[in-house]
Amino acid sequence: RNSMDKMRLRDALLDFFFPCGECLSCGSMAKVRNGLCEKCREKLRPAPAGGRPGFGWIDALRCVYAYDGPARELIRKMKFRGEYDLPVRLFAREMARLYAEAGWKAEIVVCAPTSRKTLRRRGYNQAEKLARRTAKELKLPFVQDALKKKRGVRSQVGLNAQQRIENMQGAVLPGKHAGAVEGKSVLLIDDVLTTGSTAEACAKALREAGAKELYLLTAARRDPHAHLSAPIED
């Protein structure tokens, strides 16, 4: 509880001394709260349901927003531009709310890994930022490096749906702290669900490490019914 109280006090101080004057999505200065103006907040849509089956390694999954409009812009800022503080705060609160509504009973939180190359270039893993914050919201322990990405795996950016699925087969392995998931109910967190290939690769590795139950939670989801034959650029 002390950790959560300190985090919320930090947020309040940051908002007071360094207020976000413009909307992170449209740039408006009107009625901005937690990085979004009122109009952009109204454009946030719940994530679509259904789509490609095959999440056999995962017991249940939930996604907060549809990956379009302001949600897409926030994730792009968080993922590619280093502007992650406010988006992480917004997404994590909604992810914690969705978790509570689902009635899940996870014991630990882990995140989808990124490659060493991406980590060196970007300096952080946005899924880890989300997972750490959500874990604090839920008062659950976060396990770092429960998973790792196999060396030489191609980036998913620019691949179409089928290429993404093929690219991620066997691409995720148990990490150096994978032992922490053995016999536990695990909450896996990532930023966006597209084809589900990354989530399935992570889930398979977690099951191999002994995870008992496995829940997937993401900030956003692409339309599972959309035609994804073209390259996906983000």
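Table: residues versus (1) under 26 Å from residue 86 (Cα atoms); (2) under 13 Å from the mean Cα position of the chain (by Cα); (3) of a type in the set (Phe, Trp, Tyr).
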residue	(1), (2), (3)
115	yes, no, no
127	yes, yes, no
150	no, no, no
162	no, no, no
184	no, no, no
211	no, no, no
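Quick check on region 16-54: of everything there that is of a type in the set (A, V, I, L, M, F, W, C) and within 24 Å of residue 213 (Cα to Cα), which residue is modelled with the highest pLDDT?
That would be 47.
Take residue 62 and tell me if it is buried (at least 18 other Cβ atoms within 10 Å of the Cβ), closer than 29 Å to residue 207 by Cβ, of a type outside the set (Ser, Thr, Tyr) and under 14 Å from the mean Cα position of the chain (by Cα).
yes
What number of residues within region 36-48 satisfy the criterion of being assigned to a loop (DSSP other than H, G, I, E, B), more than 13 Å from residue 94 (Cβ to Cβ) and touching a residue at least 24 places away in the same chain (Cβ under 8 Å)?
If we filter region 36-48 for residues that are assigned to a loop (DSSP other than H, G, I, E, B), which is where we start, we get 37, 44-45, 47-48.
Adding the requirement that they be more than 13 Å from residue 94 (Cβ to Cβ) leaves 37, 48.
Restricting the remaining residues to those that are touching a residue at least 24 places away in the same chain (Cβ under 8 Å) gives 48.
Count: 1.
Out of the residues in region 78-101 meeting the condition of being touching a helix residue (DSSP H, G or I) at 6+ places or on another chain (Cβ under 7 Å) and open to solvent by 30 Å² or more (accessible area, probe 1.4 Å), tell me which one is nearest to residue 217 (Cα to Cα).
93
Would you confirm, using the coordinates I've provided, whether residue 219 is at pLDDT 95 or above and buried (at least 24 other Cβ atoms within 10 Å of the Cβ)?
Yes.
Tell me, which residue of region 194-209 that is over 12 Å from the mean Cα position of the chain (by Cα) and open to solvent by 30 Å² or more (accessible area, probe 1.4 Å) is farthest from residue 91 (Cα to Cα)?
Per the criteria, the residue is 208.
Can you name the condition, by its number, that residue 57 falls short on among (1) crowded, with 17+ Cβ neighbours inside 10 Å; (2) modelled with pLDDT of 90 or more?
Evaluating residue 57 over (1) crowded, with 17+ Cβ neighbours inside 10 Å; (2) modelled with pLDDT of 90 or more leaves (2) as the failure.
The values are calculated or read from the model by the stated rules, or taken from the named source; none is laboratory data. Predicted, not measured: the structure shown is a model, and the values here were computed from it. Backbone-built Cβ (ideal geometry, glycine too); neighbour counts: all protein chains shown. Heads up: the accessible areas ignore ligands, DNA and RNA and are worked out on the full protein's heavy atoms, side chains in. Shrake-Rupley method; radii C 1.70, N 1.55, O 1.52, S 1.80 Å.
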